[in-house]
Ligand SMILES: [Zn+2]
């Protein structure tokens, strides 16, 4: 428990972004292709996911005052 994770390897921002990504993934899974407006909604969620991916990528590369995210190294 305590000491299981190295504190310097954790990043709340990254965790937050990843949890948002999980929410979007779940949303996408719940959208049935049979829904009348399903395609539009899927496209919208997929777009949001793309944006989030870009944000995560940017954060990993230089999210800490221009420096790479320390938490990204464990991936
Ligand atoms: Zn970070």
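Read-outs throughout are calculated quantities, based only on the coordinates presented, and are distinct from any laboratory measurement. Everything quoted here is computed from the prediction, not taken from an experiment. Heads up, the Cβs are rebuilt from the backbone with ideal geometry, glycines too, and the neighbour counts pull from every protein chain shown.
Arranged from highest to lowest average of other beta-carbon atoms within 10 Å per residue, in what order do the peptides 46-52, 57-63 appear? Intermediate values should be presented prior to the final figure.
On the way: 46-52: 13.7, 57-63: 15.6.
Peptide ranking by packing, descending: 57-63, 46-52.
Rounded to the nearest 0.05, what FRET efficiency do residue 43 and residue 10 give with R0 = 30 Å and r taken as the Cβ-Cβ distance? Could you check?
Working: r = 34 Å, r/R0 = 1.13.
That gives a FRET efficiency of 0.30.
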